[in-house]
Amino acid sequence: MPKKVNKQAEEVPQKPNLKLKFKKIIRIVLISVAALFILGQFFLEQVMRNIGVSGNYGLEMVMIFPAVLILMGLADVWVPKEEIEHYLGDKSGIKGFFWPRSWGLSLQARYTLLFL
């Protein structure tokens, strides 16, 4: 005879409290803005330069992000999952350790050499 399962006894996974996370993020942003304002009182020129650099970096990210998403989507469709697991999965061994690192280094090296 099958055992009856008491559904009330099973633990239901708790959802993260999004309201608390949102409040935490808002608090961090407000503290950062306040610190920037206070530092701006003493080091106005440096703060304005850093804001300009950060704005340019953010603009670059926004311009590149759609292309990255498109390429990731195409790679997801074109490259079979089995092939990715073969080269990067648990059974890939030392090859799976060095393969992604070599690609990352080769991509980073171009930008490093660009600014030398």
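Tabulated data
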{"read-out": "Extension reserve of the Arg49-Lys81 stretch, reckoned as 0.36 nm per residue once the Cα distance is removed", "value": "7.0 nm"}
{"read-out": "Full-extension gain in nm, Leu39 to Ile26, via 0.36 nm per residue minus C-alpha separation", "value": "2.7 nm"}
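Since every read-out is calculated from the coordinates, none of them should be taken as a lab result. All figures in this text were calculated on a predicted structure; none of them were measured in a lab.
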